[in-house]
Amino acid sequence: MVKRVLIVLILSVLLIFSSPVYSEEQQPGGDFASAIPLDLSTGSASVNGSLIKPFEDNHYYMITGLSSGVQVIVYGTLKGIEPGLTTVSLYSSIGARLAGKDQLIGKDVRRRVELKYLLAYDPRDPEPVLYIRVGKSTGALNYSLEIVTNKFFDAGMGRDAGGDMQNAIPAPTISRDALTVFKGYLSEEEYGNDYSDFYKLTVNLQPKDEIYIEIDPNPQLMIWASLLTLDGFSLRHNKSENKGDIITLRVRGDWKPGVNTFYLRVENLGGSGGGGEYIVNIRILSPVKENATTTTPSEPQPWPILSQETIRNIIIGIAVVVVAVAVIVLVIRRRRRVVRVEEEEWGGWGGEEIWEER
């Protein structure tokens, strides 16, 4: 009896532990439809496998638990059992290849592999699914992969800013007496599909206020930005000349007093401008008040108002000057006349003629 009980207990323990071992030993799917799901809502997952059978060329895994603004990173090691051409690739939910690495691996050779992909917001697919394919065309290999996620949510809103006005996310509150700062992210070409971010700006304005926007990209990013009205009209746009260049948008207008709505668009030229983080700074500048005593150049300067006593003193001064000038002129003329008379008299003394008879 005791032996039977022990046998039952041993069998029960074996059954308990054999279940997870069985699930781990299950072969991954050979296509998209049969791919084994990997839940990345916890932030990471790992897989290990071998492609050594003659007609076993691909292993597929389905990555779930994703959202826009999440970057998926796949990295690990491939070890060649027999020389051959291998691939590790990421695919979209419809089977389009997003990123991949193909390489030849020799026998007993180890190769590192790393893939990155940043997911943009798509209203048709709010909970995107990706697929990983590990494959070979010839040879045989073992592989060990880690799949992790990084979150790059624009403006801290829990998702990627949409790529158009309809799917824009609201920017943080913009105050007239404070600096508004938030961060955004764009993906480089071939490392994601997030090439454009739209933000909805709600601003309390007064006529002649200036909207001042400064965008500071990281050294690996060149951006193009524009400020749009509610109906999509561009008020101002600017572009980086080089990666890492800061750009500004400044707009002053005769705004409607109260709340006004705008859209800010930030792009990286379809991914060719690089990728990474950018920082947005927004200020609302009030118009400078002019000094009340300042006279504009177009206004004529008024003549000063003089008192009667000042006017009388000026007239007396002018009369004194005129009289003094007249006296000086008379004295000069009189001296000239005296000199001329004296010259004539002196000449008479030497003019007498003397006659002598011979």
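Using 0.36 nm per residue and subtracting the Cα-Cα separation, the extra length available between MET165 and TYR75 on full extension is 28.8 nm. Overall, the anisotropy analysis places the range 125-176 in the prolate class: the square-rooted eigenvalues a ≥ b ≥ c of its C-alpha gyration tensor yield a/c not less than 1.5, with a/b exceeding b/c. A crude spin-label estimate for the pair THR248 and SER286, with each label 7 Å from Cα along the Cβ direction, gives 2.1 nm. Quick one: net charge of ILE73's neighbours, Cβ under 11 Å, K/R +1, D/E -1? Every neighbour counted, the sum reads -1. Here r is the Cβ-Cβ distance between LEU330 and TYR212 and R0 is 56 Å; the resulting FRET efficiency, rounded to 0.05, is 0.15. Checking every one of the chymotrypsin sites (Phe, Trp or Tyr not before Pro) in the range 35-108 against DSSP loop status and a limit of 12 other Cβ atoms within 10 Å picks out PHE55. Between the beta carbons of LEU269 and ASP125, assuming R0 = 30 Å, the FRET efficiency works out to 0.75 to the nearest 0.05.
Annotation for the range 108-206: chymotrypsin sites (Phe, Trp or Tyr not before Pro) lying in DSSP loop with at most 15 further Cβ atoms inside 10 Å of their Cβ do not exist. In the range 26-151, inverting the average of 1/r over every pair of distinct C-alpha atoms gives 14.7 Å as the Kirkwood radius. The alpha-carbon atoms of the range 154-285 define a convex hull whose volume equals 93 cubic angstrom per residue. Of the GluC sites (Glu not before Pro) found in the range 109-202, the ones in coil according to DSSP and having at most 14 other Cβ atoms within 10 Å of their Cβ are GLU190. In this structure, the pairs whose alpha-carbon distance is over 22 Å, taken from LYS151/LYS183; LYS200/LYS239; LYS200/LYS243; LYS79/LYS101; LYS183/LYS239, are LYS200/LYS243. Overall, the anisotropy analysis places the range 124-220 in the prolate class: the square-rooted eigenvalues a ≥ b ≥ c of its C-alpha gyration tensor yield a/c not less than 1.5, with a/b exceeding b/c.
Rule-based calculations on the coordinates, nothing more; no lab input. All figures in this text were calculated on a predicted structure; none of them were measured in a lab. Using ideal geometry, Cβ is built from the backbone for each residue, glycine included, and neighbour counts are taken over all protein chains shown.
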